[in-house]
Amino acid sequence: MNTHRREKLISLAVTIKQLRRELARLEAEFEMILGRPSPLAIVPTEKAMVQSLLRSLCDTVATPPHSGRGPKPIPYADAIFSMTMKVYATVSARRATTDIKACVEDGYMTRAPHYNSVLAYFDKAEMTSILTGLIEQSSKQLATVETKFAVDSTNFSMLNAHAMVGVATNIITAISVTDISCADPPWVSALLDSETQRLEPAEQSTFAAIKKKFGGFVRSKRFTAQANEVLCKALCHNLAMIVLHKTTSRLDTSEKL
């Protein structure tokens, strides 16, 4: 390594160290002035907190009784947990296997489903209503701090997603995913005719945040799997918002979801 390159690397290392010190100082100043941690402070622990909240949600899902011969299917609770963590990881199902196995080691599941099994559950139509219900259920954690709601919409690949979102917290309280060629769902039109507002482009931060963090496209090929993938993105977003407000607003989310 020549002298010029070595000096450049040393200078870069010093700059990174200085930036880390400045970030730590700003976080401490943020907490001292506002009396709560900086949002950046939750980044190292967000994933573990999301997993805990997700497990609590999944435990409310019942699996239909197994009839017939053959091995018992994966419990719906474990299937939804695996689907959601796969989407949270923003990688393919095969690459997400490591994360899902780590969840088993951490006690969130008894065994890790094969990635093909996880993909198969994305294709199940019954997952759509379950995921929609879990999104609505998770939003109740911020019911005490959210009073104003608006309609937001966007598209993921060839799908339209319409959602009712909290203006202050960005929590999703209701969502519908349709083919891009379909008209707005009846409940969206009804809400727009009421006092509920439609977010202006500059205010559309909920779906923008989802796309930035979990991707603005879907990996699945068939409609049902694509819709369930978008719903998993929305569920991941809600859990991340709960963690954010729990950490920065001293919100009490000790109750099970």
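The values are calculated or read from the model by the stated rules, or taken from the named source; none is laboratory data. Model, not experiment: these values are computed from the prediction. Note that each Cβ is placed from the backbone with ideal geometry, even for glycine, and that neighbours are counted across all protein chains shown.
State all residues of the stretch 205-247 that are touching a Pro at 6+ places or on another chain (Cβ under 9 Å) and surrounded by 24 or more Cβ atoms within 10 Å (Cβ to Cβ); if no residue qualifies, say none. Selection gives nothing. Check whether at least one residue in the stretch 190-197 is at pLDDT 65 or above, assigned to a helix (DSSP H, G or I) and surrounded by 15 or more Cβ atoms within 10 Å (Cβ to Cβ), and report yes or no. No: zero hits.
Among the residues of the stretch 48-90, those that are surrounded by 15 or more Cβ atoms within 10 Å (Cβ to Cβ) and β-branched (Val, Ile, Thr) comprise VAL50, VAL61, ILE74, ILE80, THR84, VAL87.
For LEU251, state whether it is under 13 Å from ILE135 (Cβ atoms) and at pLDDT below 85.
Working: under 13 Å from ILE135 (Cβ atoms): no; at pLDDT below 85: yes.
Spelling it out, it is not the case that LEU251 is under 13 Å from ILE135 (Cβ atoms) and at pLDDT below 85.
In the stretch 116-153, of all residues being closer than 21 Å to VAL61 by Cβ and among the β-branched types (Val, Ile, Thr), the one that is nearest to the chain's Cα centre (by Cα) corresponds to ILE135.
Quick grid of which residues meet (1) touching a Ser or Thr at 6+ places or on another chain (Cβ under 7 Å); (2) of a type in the set (Lys, Arg); (3) over 17 Å from ASP78 (Cα atoms):
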position	(1), (2), (3)
TYR108	no, no, no
ALA125	yes, no, no
ILE130	no, no, no
SER139	yes, no, yes
ALA143	no, no, yes
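Given the options LEU12, LEU40, LEU19, name the one that is surrounded by 11 or more Cβ atoms within 10 Å (Cβ to Cβ) and either at pLDDT below 80 or not in a loop (DSSP other than H, G, I, E, B) (or both).
The conditions single out LEU40.
Here's the yes/no breakdown for (1) in a helix (DSSP H, G or I); (2) at pLDDT below 90; (3) not hydrophobic (A, V, I, L, M, F, W, C):
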residue	(1), (2), (3)
ALA174	no, no, no
CYS182	no, yes, no
PHE207	yes, no, no
LYS212	yes, no, yes
GLY216	no, no, yes
VAL230	yes, no, no
VAL243	yes, yes, no
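Suppose the filter is on the phi < 0 side of the Ramachandran plot and surrounded by 15 or more Cβ atoms within 10 Å (Cβ to Cβ); does THR110 pass it?
Working: on the phi < 0 side of the Ramachandran plot: yes; surrounded by 15 or more Cβ atoms within 10 Å (Cβ to Cβ): no.
Considered against the rule, which asks whether it is on the phi < 0 side of the Ramachandran plot and surrounded by 15 or more Cβ atoms within 10 Å (Cβ to Cβ), THR110 comes out as no.
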